[in-house]
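Engineer: Okay, handing you the structure first.
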Amino acid sequence: MKIPYLKRVVLAGGVSWLALCGPAFATLQEALDALKEQDYIFAMEEFTRLADKEENAEARYYIGRMYEQGTGVQQDELKALEFYQQAADQGSASAALKVGNAYYNGKGKEKDYKEAFKWYKKAADQNNYPAQYNLGLMLEEGLGVKEDILKSFEYYKKSADQGYAPAQMALGRMYLKGLGTPQDFSQAIFWYKLAADQGNIKAQMNLANLYANTSIRGLPFNIIGAHIYYNLISAYGTSPLKEEAAAKRNELMQKMKNEEVMAAQTRAQKWKKKTREESLPSFVRSTTLLEEASGSSVGAKKEQQEEEKEEITITVQTDVQELIVAAGISRRTLNKAVREDNFQPIVDALKEKADAGERVAQLALADVYLLGQGLDPNPEEAFKIYSKIIEENNDPIAFSRLAPMYCEGMGVNPDLVECYKFMLLAKKYADEASLPSISESIQMLDENLDKSIRDDGKKLADEWGAEKEEEEPAKKKGFFGMFGGSDEDDAITKPEEEETSEEQEKNEDEEVPAENDKNKNDVKENEESAKVTEKDVKEKVEAKKEEESEKKVDAKKEEEAKKKAEAKKKEEAKKKAEAKKKEEAKKKAEAKKKEEAKKKAEAKKKEEAKKKTEAKKKEKAKKKEEEDIVDIFSDL
């Protein structure tokens with residue numbers, strides 16, 4: 001049969017697929033992905049093409065960013081501003097923000113608050129939250145526009161509602177002082193806390209001060225909350241707030257019970273900086289953010305549960321990185337592997353889990369081999385793993401991965417009949433979330449494969465289903481038909497990144513999945529074997545914790561020594577500067593005295609000369625008068 005010209009595209013699941021079409025160009029998202037992956041040549045080429053051929057304003061904006069940051073091109077801020085201006089003229093909100101910044105700061109443009117306000121307004125009208133915050137600030141201060149505290153509050157609110165920490169802090173201040181809105185201490189605390197939990201040090205200090213305040217009526221006194229944020233600032237803040245917070249924390253401890261101090265320290269250690277998306281008011285209100293102010297521990301328990309557990313719904317479209325996390329690899333480990341472009345530690349960890357029969361780990365490992373994520377592609381090994389999975393379970397993800405491998409001949413000889421068969425099987429056993437993607441792929445195959453191929457593939461798929469049903473009449477269950485037990489057993493638990501309880505370590509090490517064809521004796525032997533190693537594992541975990549704790553202490557000591565040395569240098573430099581300043585002042589004073597003495601001497605000299613001249617005149621006048629008298633007597 002004649003196979004039509006095919007090209008490779010990427011499915012949502014991260015695995016390449018085949019589609020009938022001619023050459024295609026990258027989309028803006030693909031260019032952005034290339035930029036993120038530091039493929040600057042491809043990114044610049046596609047941004048330029050999109051900007052020139054399709055008049056894409058966002059592409060033009062990103063060209064400006066590349067020039068501004070010097071990524072892939074020589075840094076040129078003026079050239080960047082040219083692209084920002086062009087993109088802004090085309091309607092890009094991000095570019096309008098940049099142009100506004102240029103006018104506001106007087107960089108690349110003549111400083112002009114009115115022009116800055118105009119461009120910020122263009123961006124803000126498109127819901128750009130930094131621009132909305134900037135407008136709020138300019139309206140509050142009356143920069144380039146008439147001061148309007150009510151409108152200022154409105155723009156701060158729009159920005160804060162999108163999770164922007166500076167705007168949330170500004171909103172907290174306005175509620176606290178009653179600026180542009182009635183005074184409301186509970187709202188002030190709400191907004192300060194949203195900004196504080198994003199790591200905004202000033203918001204943390206303001207929040208801690210409010211929690212510790214006992215003099216203002218209406219403020220909820222929360223000594224534990226105050227200690228937490230003072231502690232965070234003293235650990236992560238900068239001078240002089242760092243020292244101020246440490247002093248206030250120590251002072252507060254004198255008023256606290258031992259159990260309160262322990263509770264505050266524990267919560268500070270578990271504190272994690274939140275993202276902007278996690279700080280959206282609409283997102284956090286349902287979790288009763290102000291529980292802490294009322295002394296409730298429900299919020300803390302819920303936060304702890306969320307830290308201990310991350311549930312990921314796995315579908316055909318789940319990408320390889322989410323599968324890796326779902327398999328129990330922490331995001332911190334994954335991010336490190338991506339940064340270092342070294343996935344061998346990930347592969348080793350996934351192999352161990354896959355050998356123990358964990359299906360998600362098997363899928364993730366196969367995807368890594370297939371895509372060559374951080375290592376050379378190995379489609380043959382991926383094919384073996386997918387095949388092993390479908391032998392044991394009717395797994396729609398494995399089916400959907402095998403289909404394009406047969407179409408493209410990746411790790412196996414090309415076979416369009418097998419390709420169509422496995423895609424039909426993927427649809428048959430898919431969950432509701434995976435069906436749209438699989439149906440779209442089947443439609444694409446229906447449009448491009450001969451009827452005879454489709455008929456043969458359908459026949460094989462029907463035979464596969466009949467054989468599996470005879471062998472395992474009650475096998476299919478749950479989400480994929482790949483997990484045993486209840487939905488609760490299917491929940492995926494993310495290992496904690498910093499501190500894991502002894503009980504969790506114990507449970508994780510005891511968790512040895514039983515295969516479907518194992519008998520009860522095998523399961524019992526696995527459980528007893530796990531219990532034997534519990535003590536060793538516990539000791540290793542404790543030793544590792546102790547080692548990490550010592551490293552943190554050493555690192556902290558080095559950091560403190562370094563800061564002390566820097567502070568000493570600054571103090572010495574300050575003293576030298578002050579001494580030099582005093583010396584210069586002394587010299588100026590002496591020079592001034594000399595100048596004044598000189599002026600006095602000259603004035604005195606002039607005065608004496610003047611007196612001599614006047615005396616001489618008087619003497620001359622007197623002589624003349626005497627001569628006149630003599631002449632009169634002579635005449636007589």
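Engineer: By average Cβ neighbour count within 10 Å, what is the ranking of 419-430, 36-47, 570-581, 111-122 from highest down?
Structural biologist: 419-430, 111-122, 36-47, 570-581
Engineer: Report the label-to-label distance for K575 and D450 in nanometres (one decimal), using points 7 Å from each Cα along the Cα→Cβ vector.
Structural biologist: 9.3
Engineer: List the residues whose amide H sits under 5 Å from the amide H of D161, counting only those 5 or more places along or on another chain, with H placed 1.01 Å from N in the peptide plane.
Structural biologist: Excluding prolines and chain starts, which carry no amide H, there are no hits.
Engineer: Figure the gain on full extension for D355 and E259 (residue separation times 0.36 nm, minus the Cα-Cα span) and round it to one decimal in nm.
Structural biologist: Working it through step by step, the gained length comes to 30.0 nm.
Engineer: Going through the cross-link list K79/K151; K122/K157; K157/K563; K36/K384, which pairs have a Cα-Cα distance over 29 Å in this structure?
Structural biologist: K79/K151; K157/K563; K36/K384, as the Cα separations exceed 29 Å there.
Engineer: Using a Förster distance of 41 Å, how high is the FRET efficiency between K617 and K588, based on the Cβ-Cβ distance and rounded to 0.05? Provide the component values of the computation, followed by the final result.
Structural biologist: Working: r = 43 Å, r/R0 = 1.05.
My answer for the efficiency is 0.45.
Engineer: Can you give me the % of accessible surface on region 26-84 that is carbon or sulfur? Probe 1.4 Å, all protein chains present, nothing else counted.
Structural biologist: 45
Engineer: Here's another thing I want to ask about it. On average, how much accessible surface per residue is there in region 189-256, in Å², for a 1.4 Å probe, leaving out ligands, DNA and RNA?
Structural biologist: Solvent-accessible surface per residue comes out at 43 Å².
The values are calculated or read from the model by the stated rules, or taken from the named source; none is laboratory data. As the structure is a prediction and not an experimental result, all values here were calculated from the model. Note: ideal-geometry Cβ built from the backbone for every residue, glycine included; neighbour counts use all protein chains shown. The protein model used for the area step is the full one, side chains on, heavy atoms only, and it has no ligands, DNA or RNA in it. Shrake-Rupley method; radii C 1.70, N 1.55, O 1.52, S 1.80 Å.
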